[in-house]
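The values are calculated or read from the model by the stated rules, or taken from the named source; none is laboratory data. If you're wondering where the values come from, they're calculated on a predicted model, not measured in any experiment. In this analysis, Cβ positions are derived from the backbone assuming ideal geometry, glycine residues included, and neighbour counts consider all displayed protein chains. Side chains are part of the model used for accessible areas, which takes the heavy atoms of the whole protein and leaves out ligands, DNA and RNA. Shrake-Rupley method; radii C 1.70, N 1.55, O 1.52, S 1.80 Å.
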Amino acid sequence: NEFKYDGTNVFVGDDTAEHIKMDGTSMLFKDSGNVEAEIRGGTLTLGSAHGVTADNVVLDGSSVTIYGNDANTGVFITDNQIEIKSDADNDKILIDDDSVDIYLGGQVSASFGTTTTIGPTGGKHVSITSSGIALKVASTTYGTFAETVTVGNTSDAYMTLTSTEMAM
(Lines give C-alpha, C1' and ligand atoms only; values in the text may rest on other atoms or scores of the structure.)
Protein backbone atom coordinates (compact mmCIF):
# COMPACT_ATOMS: atom_id res chain seq x y z
CA ASN A 1 0.00 0.00 0.00
CA GLU A 2 1.44 3.30 -1.13
CA PHE A 3 0.50 6.91 -0.90
CA LYS A 4 2.59 9.25 -3.02
CA TYR A 5 2.60 12.89 -4.10
CA ASP A 6 4.93 13.80 -6.95
CA GLY A 7 4.40 17.58 -6.78
CA THR A 8 1.50 17.46 -9.29
CA ASN A 9 -0.40 14.20 -8.79
CA VAL A 10 -1.52 12.14 -5.82
CA PHE A 11 -1.28 8.35 -6.13
CA VAL A 12 -2.99 5.83 -3.86
CA GLY A 13 -1.58 2.36 -4.39
CA ASP A 14 1.33 1.10 -6.43
CA ASP A 15 1.43 3.36 -9.53
CA THR A 16 2.82 0.47 -11.62
CA ALA A 17 -0.22 -1.74 -10.79
CA GLU A 18 -3.77 -1.06 -9.60
CA HIS A 19 -3.99 2.48 -8.21
CA ILE A 20 -5.89 5.73 -8.04
CA LYS A 21 -4.37 8.85 -9.55
CA MET A 22 -5.67 12.31 -8.72
CA ASP A 23 -4.50 15.21 -10.84
CA GLY A 24 -5.79 18.74 -11.37
CA THR A 25 -8.76 17.63 -13.48
CA SER A 26 -9.61 14.01 -12.69
CA MET A 27 -9.60 11.04 -10.41
CA LEU A 28 -8.46 8.03 -12.43
CA PHE A 29 -8.85 4.42 -11.39
CA LYS A 30 -6.09 2.55 -13.15
CA ASP A 31 -4.86 -0.97 -13.73
CA SER A 32 -1.21 -0.27 -14.45
CA GLY A 33 -1.34 2.04 -17.49
CA ASN A 34 -5.00 1.39 -18.40
CA VAL A 35 -7.70 3.74 -17.16
CA GLU A 36 -10.61 1.59 -15.95
CA ALA A 37 -12.74 4.50 -14.64
CA GLU A 38 -12.48 8.26 -14.40
CA ILE A 39 -14.31 11.01 -12.54
CA ARG A 40 -13.93 14.40 -14.21
CA GLY A 41 -16.12 17.31 -13.23
CA GLY A 42 -19.66 16.01 -13.10
CA THR A 43 -18.96 13.03 -15.34
CA LEU A 44 -18.21 9.45 -14.33
CA THR A 45 -16.79 7.17 -17.03
CA LEU A 46 -16.67 3.43 -16.35
CA GLY A 47 -14.56 1.11 -18.51
CA SER A 48 -12.18 3.71 -19.93
CA ALA A 49 -10.91 7.27 -19.72
CA HIS A 50 -13.05 10.40 -20.03
CA GLY A 51 -13.89 11.21 -23.67
CA VAL A 52 -13.73 7.63 -24.96
CA THR A 53 -16.95 6.64 -26.78
CA ALA A 54 -16.62 2.87 -27.21
CA ASP A 55 -17.31 -0.06 -24.89
CA ASN A 56 -17.93 1.99 -21.76
CA VAL A 57 -20.57 3.69 -19.62
CA VAL A 58 -20.74 7.46 -19.14
CA LEU A 59 -22.91 9.12 -16.48
CA ASP A 60 -23.29 12.87 -16.19
CA GLY A 61 -25.85 15.30 -14.80
CA SER A 62 -28.23 14.97 -17.75
CA SER A 63 -27.65 11.57 -19.34
CA VAL A 64 -26.50 7.98 -19.09
CA THR A 65 -24.79 6.47 -22.12
CA ILE A 66 -23.80 2.85 -22.57
CA TYR A 67 -21.58 2.79 -25.64
CA GLY A 68 -21.28 -0.24 -27.88
CA ASN A 69 -18.31 -0.67 -30.17
CA ASP A 70 -18.39 3.01 -31.24
CA ALA A 71 -20.08 6.35 -30.58
CA ASN A 72 -23.02 5.41 -32.83
CA THR A 73 -24.08 2.21 -31.08
CA GLY A 74 -25.42 1.71 -27.59
CA VAL A 75 -28.09 2.94 -25.21
CA PHE A 76 -28.51 6.70 -24.85
CA ILE A 77 -30.69 7.94 -21.98
CA THR A 78 -31.47 11.65 -21.57
CA ASP A 79 -34.06 13.59 -19.60
CA ASN A 80 -36.79 13.03 -22.19
CA GLN A 81 -35.92 9.96 -24.21
CA ILE A 82 -34.15 6.62 -24.52
CA GLU A 83 -32.49 5.53 -27.75
CA ILE A 84 -31.15 2.04 -28.43
CA LYS A 85 -28.95 2.19 -31.52
CA SER A 86 -27.33 -0.58 -33.51
CA ASP A 87 -26.36 1.53 -36.52
CA ALA A 88 -26.47 5.22 -35.54
CA ASP A 89 -29.85 6.70 -36.52
CA ASN A 90 -30.42 4.10 -39.26
CA ASP A 91 -31.46 1.20 -37.02
CA LYS A 92 -32.72 2.15 -33.59
CA ILE A 93 -35.55 2.17 -31.08
CA LEU A 94 -36.57 5.59 -29.77
CA ILE A 95 -38.71 5.91 -26.65
CA ASP A 96 -39.92 9.40 -25.77
CA ASP A 97 -42.85 10.99 -23.96
CA ASP A 98 -45.40 10.26 -26.70
CA SER A 99 -44.35 7.11 -28.55
CA VAL A 100 -42.03 4.19 -29.15
CA ASP A 101 -40.57 4.34 -32.66
CA ILE A 102 -38.65 1.60 -34.45
CA TYR A 103 -36.32 2.75 -37.23
CA LEU A 104 -35.01 0.48 -39.95
CA GLY A 105 -32.81 1.82 -42.71
CA GLY A 106 -33.25 5.38 -41.46
CA GLN A 107 -37.06 5.47 -41.66
CA VAL A 108 -39.75 4.73 -39.10
CA SER A 109 -40.80 1.11 -39.59
CA ALA A 110 -43.27 1.09 -36.69
CA SER A 111 -44.53 3.65 -34.20
CA PHE A 112 -46.57 2.96 -31.08
CA GLY A 113 -48.34 5.99 -29.61
CA THR A 114 -51.68 7.79 -29.93
CA THR A 115 -51.46 6.77 -33.58
CA THR A 116 -49.80 3.40 -34.09
CA THR A 117 -48.30 2.62 -37.48
CA ILE A 118 -46.81 -0.64 -38.66
CA GLY A 119 -44.76 -0.41 -41.84
CA PRO A 120 -43.00 2.63 -43.29
CA THR A 121 -45.56 5.44 -43.68
CA GLY A 122 -44.21 6.36 -47.11
CA GLY A 123 -45.36 2.95 -48.42
CA LYS A 124 -47.82 0.22 -47.48
CA HIS A 125 -48.68 0.34 -43.79
CA VAL A 126 -51.37 -0.04 -41.16
CA SER A 127 -52.47 2.93 -39.07
CA ILE A 128 -54.34 2.38 -35.81
CA THR A 129 -56.05 5.19 -33.88
CA SER A 130 -58.95 5.46 -31.45
CA SER A 131 -61.16 5.86 -34.56
CA GLY A 132 -60.21 2.50 -36.04
CA ILE A 133 -57.75 0.71 -38.30
CA ALA A 134 -56.71 2.00 -41.73
CA LEU A 135 -54.86 0.16 -44.49
CA LYS A 136 -52.79 2.70 -46.41
CA VAL A 137 -50.29 3.23 -49.16
CA ALA A 138 -48.47 6.44 -48.24
CA SER A 139 -51.28 8.90 -47.40
CA THR A 140 -54.00 7.15 -49.47
CA THR A 141 -56.42 5.00 -47.47
CA TYR A 142 -57.62 1.78 -49.15
CA GLY A 143 -59.53 0.28 -46.25
CA THR A 144 -60.88 1.28 -42.85
CA PHE A 145 -62.22 -0.91 -40.10
CA ALA A 146 -64.33 0.59 -37.30
CA GLU A 147 -68.10 0.95 -36.80
CA THR A 148 -68.19 1.28 -40.59
CA VAL A 149 -65.95 -0.84 -42.79
CA THR A 150 -64.74 0.74 -46.02
CA VAL A 151 -62.88 -1.22 -48.70
CA GLY A 152 -61.27 0.79 -51.50
CA ASN A 153 -60.16 4.35 -52.06
CA THR A 154 -63.17 6.61 -51.38
CA SER A 155 -62.21 8.89 -54.30
CA ASP A 156 -62.67 5.87 -56.61
CA ALA A 157 -64.85 2.74 -56.55
CA TYR A 158 -65.32 1.49 -53.00
CA MET A 159 -67.62 -0.44 -50.69
CA THR A 160 -68.96 0.33 -47.21
CA LEU A 161 -70.46 -1.97 -44.65
CA THR A 162 -72.29 -0.84 -41.53
CA SER A 163 -74.41 -2.72 -39.02
CA THR A 164 -77.48 -2.02 -41.15
CA GLU A 165 -76.37 -1.85 -44.79
CA MET A 166 -73.81 -2.68 -47.43
CA ALA A 167 -73.20 -0.16 -50.20
CA MET A 168 -71.05 -0.12 -53.32
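GNM remark for the chain: springs join alpha carbons under 10 Å apart, and the peak mean-square fluctuation among Thr121, Thr154, Thr141 falls on Thr154.
Each residue, Tyr158 and Thr116, gets one label point 7 Å from its Cα in the Cβ direction; the gap between the two is 2.3 nm. Annotation for the range 39-78 versus the range 103-147: alpha-carbon center distance of 35 Å. Note on the chain: lysine pairs with Cα distance below 21 Å, sequence gap of 8 or more or different chains, count 5. The residues of the range 87-168 expose on average 63 square angstrom of accessible surface per residue, using a 1.4 Å probe on protein heavy atoms. Relative contact order of the chain, taken over Cα pairs closer than 8 Å and 6 or more residues apart, is 6 percent. Rounded to the nearest 0.05, the FRET efficiency derived from the C-beta distance between Val75 and Met22 at R0 = 30 Å is 0.50. If the chain linking Asn34 and Thr8 were pulled fully straight, counting 0.36 nm for each residue of separation and taking away their Cα-Cα distance, it would gain 7.4 nm.
The string of couplings for the range 47-58 from the Karplus curve (6.51, -1.76, 1.60, θ = phi - 60°) is x, 5, 7, 3, x, 6, 10, 8, 6, 8, 10, 10 Hz, one whole number per residue in order, with x for Gly and Pro. Once backbone amide H atoms are built at 1.01 Å from N, Ala110 has Ile102, Gly119 as its partners under 5 Å, excluding neighbours fewer than 5 places away on the same chain. The overall shape of the range 115-168 is oblate: from the C-alpha gyration tensor, with semi-axes ordered a ≥ b ≥ c, the ratio a/c is 1.5 or greater and a/b is no larger than b/c. Each residue of the range 14-20 is assigned a 3J(HN,Hα), and the resulting list reads 6, 6, 9, 9, 5, 6, 10 Hz, derived from the Karplus form 6.51 cos²θ - 1.76 cosθ + 1.60 (θ = phi - 60°), x at Gly and Pro.
The string of couplings for the range 140-153 from the Karplus curve (6.51, -1.76, 1.60, θ = phi - 60°) is 8, 8, 10, x, 10, 10, 7, 4, 10, 9, 10, 10, x, 7 Hz, one whole number per residue in order, with x for Gly and Pro. Within the range 4-98, none of the GluC sites (Glu not before Pro) combine a DSSP coil assignment with at most 10 other C-beta atoms in a 10 angstrom radius.
Pop out the carbon and sulfur fraction of the accessible area of the chain as a percent, whole number, probe 1.4 Å. The C+S portion of the solvent-accessible surface of the chain is 55 percent.
Summary value for the range 79-168: 12 percent relative contact order, contacts being C-alpha pairs under 8 angstrom separated by 6+ residues.
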